[in-house]
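Okay, structure first, notes after.
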Amino acid sequence: MSSMKSALRPWRRTTAFRTLAAATAIALVAADAPVRAQNPNGGLPIIRDAEAEQLLRDYTSPILRAAGLAQQNVQVVIINDRAFNAFVVDARRIFVNVGAVMDAKTPNEIIGVLAHETGHIAGGHLSRLRDELANAQTASIIALLLGVGAAVAAGRSGAGSNAGQISAAALQAPQSIIQRSLLSYVRAQEEQADKAGVKFLNATGQSPKGMYDTFKRFAEQVLVASRYIDPYLQTHPMPKERVEALAEIAKSSPNWDKKDPPELQLRHDMVRAKLSGFIERPATVTRRYPLTDTSLPARYARAISTYRFSDIRTALAQIEALIQAQPSNPYLLELKGQALIENGRPAEAIGPLRHAVALAPNSVLIRMLLGQALVATNDPKHAEEAIPLLRVAVTREPDMPDGYSQLAMAYGRKGDLAEADLAAAQAAFTRGDFRTARDLATRAKTRFPTGSPGWVRADDIVTFKPPPNSRR
């Protein structure tokens, strides 16, 4: 498991209008900026893990097919945020907080959330919301000008001490109307996404009970607070009304009582345990998974916590016992390899990671980890093996700078300085460090024959025009 950490300041919500405007601004930036020239996830604290990502792909694939989005390459991105939340900002990615995965007790609960978010994509809600915001912005400007005109008129009429109050009312009233109109539009979209989500679940033979239970739990949590909230200033329908509407369509489903398959429940519990072991403190892991719990998920969480915070020898023994229980589980072998690499034993990590790649040949992250182990041995023969692994990895996921960095080191071990400089330039470019990328690419051009494929790729970086406010 790897994570890309970034500073994310707490975002305090003021009015619902500001929240919505900020969220939509993020959506516009994320959708319009070139992917190769930026962090594709906008600097969010993203968690990358092969096992969790594969599980979420398996959850979303049938939903996306039912929604007619199978060919759209929609990805699920995990955010390192313990709050229960999921959202979309474009038609290509569904963002899910790690807290949503950890708090969902069954696969069906998180699948219901994913079905709801898929409803937003299938309904084209983001593009329609942009149009609505553009209309609201125009109306807001007109209203502001009219409000200023009214304020000036009030001042000229000699309203005296009441002029200030009249001016404030003239300026604020139209804005409030526009705000309520926009939020009403968003509430309608949420209701449409609920209905679409239930439709997709029914089409795939899955129960909508998880979606209903999740939203009902939210309603109960905010019941007291919602009594004091202006119902028109909520970005979602009032919890009670929303749950009642959802219950009406969900409970009529022929799949209402259908349960998750036991093998899928085990995979879900294993991922929840893994996230706990990596994210939470040892004391929290122990409370959540006490020693009296001898299940595979509990042992998984404790083994991860042990390797991260305690004794590597004990942890390796615990991981090996898990591998004996599930010898065909590539993610347990991946964990063993990662633990060995992080404890300065890359040569020992190669064996289990090769086995993991054989079991999960399509996992880019496991390939990249094997490449890292091979490079870390400082053996030129291992570097030769690492290069094709890493080239496949960066071809499939061109937005991961770590892959290019490992590839640069592999070429360096081999003595191929031209390719090493080019890979290092691509790593810097993917991070958004365009000045360093340009310097490295310029040097790479001097090492490649003019006009060769490597020279052309380096020249693309040299001649790239960075966006404003970037590290030029």
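No value in this document is a laboratory result; all are computed from the given coordinates. Keep in mind it's a predicted model, so treat the numbers as computed, not measured. In this analysis, Cβ positions are derived from the backbone assuming ideal geometry, glycine residues included, and neighbour counts consider all displayed protein chains.
Is any residue of the stretch 47-78 close enough, with backbone N under 18 Å, to a label point placed 7 angstrom from the Cα of residue 295 along the Cα-Cβ axis, and if so, which?
Residues 52 qualify, since their backbone N sits under 18 Å from the label point.
Rounded to a whole number of µm²/s, how large is the Stokes-Einstein D of the stretch 371-444 at 25 °C and 0.890 mPa s, given Rh as the Kirkwood radius over C-alpha pairs?
Stokes-Einstein gives a translational diffusion coefficient of 208 µm²/s.
Name the long-range amide H neighbours of residue 75: under 5 Å, sequence gap of 5 or more, or other chain; modelled H, no Pro or chain starts.
Under 5 Å from the amide H of residue 75 lie the amide H atoms of 93, 94, each far enough along the sequence or on another chain.
Can you tell me the alpha carbon radius of gyration of the stretch 240-287 divided by the globular rule-of-thumb value 2.2 N^0.38 Å?
1.78
Tell me which residues come under 5 Å, amide H to amide H, from residue 48 once H is placed; ignore anything under 5 positions away on its chain.
2, 3, 4
With N set to the number of residues, divide the alpha-carbon radius of gyration of the stretch 67-106 by 2.2 N^0.38 Å and report two decimals.
Compactness ratio reported: 1.27.
I want to verify the translational diffusion coefficient of the stretch 283-359 in µm²/s; compute it with Stokes-Einstein, Rh as the Kirkwood radius over Cα pairs, at 20 °C and 1.002 mPa s.
170 µm²/s
Would you please put 336-344, 400-408 in order of how densely packed they are, using the mean number of other Cβ atoms within 10 angstrom per residue and starting with the highest?
Order by mean packing, descending: 400-408, 336-344.
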